[in-house]
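Notes follow the structure.
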Amino acid sequence: MTKPASLQAVIRACLDDLATTQTLSPRQWQVCHHVQDCRTAALGGLALSCDQCAAEAVCYHACRDRHCPRCQRRASLDWCEKQRAALLPVTYHHVVFTLPSMLNGWVEVHPKAIYDLLFESVWATLSAFGSDPKRLDGQLGMTAVLHTWGQTLTRHVHLHCLVPGGACSATGEWHPAKSTYLFPVRALSRHVRGGFVSRLRRAVEAGRLPRLSDPKEIDRVLDSLMGTEWVVYSKPCLVHTETVVDYLGRYSHRTALSDSRLLHFDGDAVELSYKDYRDGDRRKVMTLSGQELL
């Protein structure tokens, strides 16, 4: 097997076969062709020549699609620079809220509504804990980035939050968190679960999720959500908060699949590296056909 130059090579080799076996949406078709044509003659470019040595070169235009692994690096770096400029000289906490997988079917048909509810519920939870007089007694801050896929390319909806270790009181005083401890994760989990399920039920009753039409199935899912322990992760960034900003930046403007994770490609099968979080974050390799990858 030979190492591909990029995801572009897989698309060039497998897109035609994929199009004959399943129907691509207009947006899917557009993204695949953007990446396929990026920095090629298909998008045009500039012919450059040196008037001193007569050397010539052609610079082709980039597609600038947000799903292209090569095109969004500059936007990602700019975003990270702005975030680092806004950091306070305090300890930050990396907090992650994960939606249970039983909601994946609902996310499939109503992604925007459910993602909006996730942001709203997480912010309401962190704000409530921050304003609690027994905790920080002030206004909390948060930078959040939504991830919808895991490294195995399966749906895995979770919200990464970068939270300063302290809050600003109504009088402008800074109330720092005690030591490196922010909030208990079990309490965060139960608060965000109750808030999200309550908002989700109201959204269903208001008709904001019209593709969910079976009342019994809706009640079953909502009851199951309340009976499930939601996963919440919290860890202080004792040093180098900027590394967490860089981590979030990789997903704020760029696709979840980078060229560096494509290990080998023989024209049909692709070897893809991933981190197995259930096995001590060990690096592993999965093999997919080119069509499966696309």
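Here, each number is a calculation from the coordinates, and none is a lab measurement. Since we're looking at a predicted model, the values are computed, not measured. For neighbour counting, all protein chains shown are included, and Cβ atoms are generated from backbone atoms with ideal geometry for every residue, glycine included.
Going by a ≥ b ≥ c, the root eigenvalues of the Cα gyration tensor, does region 30-78 fall in the rounded group (a/c under 1.5), the prolate group (a/b larger than b/c) or the oblate group?
Oblate.
Would you work out which of Leu182, Val192, Gly227 lies farthest towards the positive end of the dipole of region 73-250? Charges go on Cβ: Lys and Arg +1, Asp and Glu -1.
After comparing all options, I get Gly227.
Where in region 156-257 are there GluC sites (Glu not before Pro) that are in a DSSP coil and have at most 16 other Cβ atoms within 10 angstrom of their Cβ?
Here the GluC sites (Glu not before Pro) that fit, given the DSSP loop and packing criteria, are Glu173, Glu229.
Calculate how steeply helix 7-21 sits against the longest principal axis of the alpha-carbon atoms of the chain, using the helix alpha-carbon long axis, and give the answer as 0 to 90 degrees to the nearest 10.
For 7-21 against the chain, the angle is about 90 degrees.
Lysine pairs in the chain 8 or more apart or on different chains: how many have alpha carbons under 27 angstrom apart?
Final tally of qualifying lysine pairs is 11.
In Å, what is the Rg of the alpha-carbon atoms in the chain, and how long is Dmax?
22.9, 77
Against the longest principal axis of the chain, how steep is helix 26-37, in degrees 0 to 90 to the nearest 10, with axes from Cα atoms?
Approximately 50 degrees, to the nearest 10.
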